[in-house]
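Engineer: Just dropping this structure here.
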Amino acid sequence: MKRVNAAGDGPEVGFNPLVVIELAEDAKDETKEWLVKRIMDKKENGGAQLLVKPLPQGEKGGENSNIYLVGASPRRLLLGAEAGGFVKECHDNTMRAFTYTRRNEFKHFAEDNDDFLTMTECQYIIKRELENLRAKDEQTVPGHPQAKLYPGKSIMRRLQTSKIVIQFFPLHDIEELKRLSSNWYAKVRIGYQPLDDIRRYFGETIGLYFGFLEYFTFALIPMAIIGIPYYLLACEDYDKYVLFATFNLLWSTAILEVWKRICSVTAYRWGTLMMKREFEEPRPGFHGVLGVNPVTGRKEPIYSGVKRQLRIYLVSVPFVIFCLYLSLHVMMIYFDWEDMASDFHREHDSQFSSIMLFAPSILYAIVIEIMNRIYRYVAECLTSWENHRLESSYQNHLILKVLVFNFLNCFSSLFYIAFVLQDMRLLRQSLATLLITSQIINQFVEALLPYWLQKRHNKKVKRNVKALNVNVDNSLLQQINIEKEMGSYLGTFDDYLELFLQFGYVSLFSCVYPLAAVFAVLNNVTEIYSDALKMCRVFKRPFSEPAASIGVWQMAFETMGVISVVTNCALIGMSPQVNALFQDSKTELILIVVAVEHALLAAKFVMAFVIPDKPRDIRMKLARLEFESLEALKQKEQMKLAESPN
């Protein structure tokens, strides 16, 4: 990133523009001056002690820009790394929390080296400092009396909720992005992704997502290899799928347990496995009556938990149930379409009528995708209306709503075909159509269409920048004007949801359509490239978020694994081959199937208990760090006692 001059604390110093703040067009000059002063003030005066420079926008904008560049001095960033609990590798190859006073003990640190902290980490530090910038005795935002403040309120969050700050985002590093693109998706190659480079550029949360996507793709290959001969040799003989279903059960359990170990090793190497979780601040959209937080002692909005529970159980839950009912109603319409297509084929028995047999499934798959996206938007509005104080609580309630609806919407027809109609031929056809159609739609909507639109927009911005008469680096101005109009990456929610549904298609019913894993592998290979393109060329660079695991999605995948055990045991019990062994007593068959299901579930939980989530060497390193921390604390207490006059 090219250095520019900015007025800092004292004389002008060079700084890297790391973060962009865009204010509203009608933001008052008084507001801008106040905000810049608070950002640049020293920490002891309640400021963030960062560097700020307005970005001229040409003859019309001059220096009164509504866009500001934010950076920080190297020392300020190092102190921010200590305050943020960053974990770095020491010269003795151990991972320890970074401290400024012992900075020379860490690998790759030098006083004249600006690369000890990655640009991503620097941007995270600035974001953290901006969000922790709090009001002192101000009651309103200067120049905007409608924007209320109170002591302890996050200034940036108030400015965002009041629409004074439109957005603030981290800048791309163009040269580093080119190198990453070249090693990641610019060339089609067989091999692993550069996960360490992805993590350095986008942070741990996105790095772990691409790590899980890569791992899940490789884990699907054994299912795909076994599925091809099963499909070719037992195309219509569903009895032979009993062994495939059994393998499916073992596979779905093993891959999730192995992933937890791989994830812990990766998180330790990246330094996030030992990072202490920060105290969560209220989310920006949270509102209520001003009160005092009993934990922090700060003034902040207080909202009754009883009111929130009433909103959840009297409004949200009935609404979700209504949506589930609507989904089932659409499913029954789909089966009417299937009957109409079957009647049409029986009457005409032509090549066209054979093709029309797939039309209902394709239309239903499209309807499912549309309903999922509409419901996602409504679920976000509903969860925001519930007024959750913490972002983690908001995300958990949103994920629960979306997962329940998506599971029923995507899989209810398959359960109905399998266990009510018991039509294995229709089940295979519907599964194949739903899986392939949803993958095509997702690839187009999530990557290809946004990329095409963004490419057209970039050409327009470049033409506009050339027409400006401005005394500033044109490349930087062009970059900022392009990036500020890019869409914001809303997190890994949709990406994990897509993999979750794919895992359901493969693990629940793939015993009747073994090629499901094959199509999943092909989709995920293209997904890696399309998601990489999306991250590098379509969206703004997101702020990094430290993460030690894939979070609640691990539990979601494990729950799907439990459901797959029940589903596959039921399919095995329904097979003609198994039924022939119990012609005289169906009750005995049901009891045996239930017993086998419980035994497999018990084996699944035993396997999860026996296989440690962390390898032994990682557990030993963590135990050693904990022991050293306790010893250091004891020595500190002993020194205090020794210095005490009593």
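Engineer: Which whole-angstrom value gives the distance between the alpha carbon centres of the range 311-380 and the range 587-632?
Structural biologist: 39 Å
Engineer: Continuing with this model, one more query. What residues qualify as long-range amide H neighbours of L51, i.e. H under 5 Å apart, gap of 5 or more or another chain, H built at 1.01 Å from N?
Structural biologist: It is G71, A72, S73, by chain and number.
Engineer: Could you work out how far apart the two model spin labels at R261 and D197 are, taking each label as a point 7 Å from the Cα in the direction of the beta carbon, and quote it in nm?
Structural biologist: 2.9 nm
Engineer: If each of H348 and A595 carries a label point 7 Å out from its Cα toward its Cβ, how far apart are those two points in nm?
Structural biologist: Result: 5.3 nm between the two label points.
Engineer: Same structure again: Over 18 Å between Cα atoms, which of K136/K299; K260/K604; K276/K401 qualify?
Structural biologist: In this structure, K276/K401 lie more than 18 Å apart at Cα.
Engineer: List, in order, the whole-Hz ³J(HN,Hα) value for each residue of the range 175-180 obtained from phi through the Karplus relation with A = 6.51, B = -1.76, C = 1.60 and θ = phi - 60°; use x for Gly and Pro.
Structural biologist: Couplings: 5, 5, 5, 5, 5, 4 Hz.
Engineer: Could you sort the peptides 302-314, 136-148 by per-residue average Cβ neighbour count (10 Å cutoff), highest mean leading? It would help to have the intermediate numbers written out before the result.
Structural biologist: Working: 302-314: 12.6, 136-148: 14.6.
By packing density, highest mean first, the sequence is 136-148, 302-314.
Engineer: Can you give the extra length, in nm with one decimal, that the chain gains between L630 and F319 once fully stretched, where that is 0.36 nm per residue apart less the Cα-Cα distance?
Structural biologist: 106.9 nm
Engineer: Continuing with the same structure: Arrange Y505, Y489 by Cβ neighbour counts within 10 Å, fewest through most, would you?
Structural biologist: Details: Y505 24, Y489 18.
The order, fewest Cβ neighbours first, is Y489, Y505.
Engineer: Taking the structure as given and computing volume of the Cα convex hull per residue in Å³, which label from [x] 177; [y] 153; [z] 218 fits?
Structural biologist: The listed entry that was calculated here is [z].
Engineer: If you don't mind, another one. Ranked highest first by the average count of other Cβ atoms within 10 Å around their residues, in what order do 33-40, 613-620 fall?
Structural biologist: Highest-to-lowest ranking by the protection proxy: 33-40, 613-620.
Engineer: Once the Cβ-Cβ distance between A602 and E175 is put in as r, and R0 is 56 Å, what FRET efficiency do you end up with, to the nearest 0.05?
Structural biologist: Values: r = 55 Å, r/R0 = 0.98.
Calculated value: 0.55.
Engineer: Would you mind ranking L403, L208 by Cβ crowding within 10 Å, fewest neighbours first?
Structural biologist: L403, L208
Engineer: Hey, another quick one. Calculated from DSSP H runs of 4 or more alone, at -39500 (n - 2.57) each and per residue, what is the 222 nm mean residue ellipticity of the chain, nearest 500?
Structural biologist: Only helices count here, giving -20000 deg cm²/dmol.
Engineer: Would you kindly state how much longer the chain becomes between L490 and K299 on full extension, computed as 0.36 nm times their sequence separation minus their alpha carbon distance, in nm to one decimal?
Structural biologist: That works out to 65.8 nm of additional length.
Every number here is computed from the coordinates shown, using simple stated rules; none is lab data. All figures in this text were calculated on a predicted structure; none of them were measured in a lab. Cβ atoms come from the backbone with ideal geometry, glycine included; neighbour counts cover every protein chain shown.
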